[in-house]
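Accompanying notes for the structure given below.
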Amino acid sequence: MTFQCDLAVRPAVGEDLAAITALTRARRNELALWEPWYWNPRNGIDETHPLYLGWCIDHNPNCDVLVATENGSVVGCVFINRRPDHDFLDDLCVVDERWEEVGQALIHPCPGVNRLVCAPAKDVAQHRWLQSNDLIWASTFFSVRTPDTPAAHTDGVYVPLPRALVQPPAHVFGIFDATTDNGLRVSTPDGYAIGSAPTLPAAYDPGGPTTVIDRVFGPNRRNVLHAALHAASRRGDIHVIVVVDHADHDLIEILNEAGATQPVNLWRAPPAAQPADS
């Protein structure tokens, strides 16, 4: 005997919160098994995260929450955060690794809009599915602990940042530049690094503040990264995320030598074609 399954996608409503919470909690536990330090769940997250999810469903004007349902049960969800130049698809969750069916229904192309999806590097099934949908592997987020650095430590000679900075690889953390409040800026004769202000991740706890570095540029990037990690340590950061272009093999080698892990890959879905005028 066979049964007809009815898979549909619709906007989430308040009554879906319990099912969405269960999906995101299961995904969070899965991530912690893959990278127990990077994705160490923050204390109390099981109580606080549903409040955030509920706010996104009911009140966040810049977020569309969709659920996939099958025969009346929620089997997947996605939170589409609208940014000026892209949509960031967050909390993309499906049951039983059903990326080909449920995931496919949730990430339908949007005319004229670039979409970014973060996927755990160790989720082979999700990566295979993203590739099969012609998404482009754009960048990798490397995770590295900062060294123990005395407050009086300095790294060589510092010089002014150049006026024109290279463009960063694709990421979802916002914009960092020479004017970012409390941003990380390291510039030496070897090159420069640009990063965010220190932050405490909302859902995870690596043990202290985190900085995101999206540019390590110059003739000796090994020395630049060394200086940036020590600068982050001096200001109290315990963890650094370095965003690296997928094809930047030299920086990838430098980070691997520094003991960094690669928990996340970022994928870009090009915009769908605009429908022709009828």
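Taken together, the values in this text are just the output of simple stated rules run on the coordinates, not laboratory data. As the structure is a prediction and not an experimental result, all values here were calculated from the model. Positions of Cβ are backbone-derived with ideal geometry, glycine not excepted, and every protein chain shown enters the neighbour counts.
Paramagnetic label reach from Val159 (point 7 Å along Cα→Cβ; backbone nitrogen cut-off under 14 Å): within the stretch 214-255, residues 217-221, 224.
Pull up the DSSP beta bridges for the stretch 1-140 and report the antiparallel fraction as a percent, rounded to 5.
85
Based on every Cα atom in the stretch 1-156, Rg and the maximum pairwise Cα distance Dmax equal 18.1, 74 Å. Stretching the chain fully between Asn256 and Gln167 yields a gain of 29.8 nm (0.36 nm per residue, less the alpha carbon separation).
Here, the stretch 202-278 is characterised by an Rg to Rh ratio of 1.15, where Rg is the alpha-carbon radius of gyration and Rh the Kirkwood radius. Cα centroid separation, the stretch 212-268 to the stretch 93-146: 22 Å. For Leu184, the residues whose amide H sits under 5 Å from its own are Gly195, Ser196, Ala197, ignoring neighbours fewer than 5 places away on the same chain, with H placed 1.01 Å from N. Measuring r between the beta carbons of Thr149 and Arg42 and using R0 = 22 Å, the FRET efficiency lands at 0.30.
With the convex hull drawn over the C-alpha atoms of the chain, the volume per residue is 166 Å³. Once C-alpha pairs closer than 8 Å and six or more residues apart are averaged by separation and normalised to the residue number of the chain, the relative contact order reads 22 percent. Here the extension length gained between Asp64 and Ala178 equals 37.8 nm, from 0.36 nm per residue of separation less the Cα-Cα distance.
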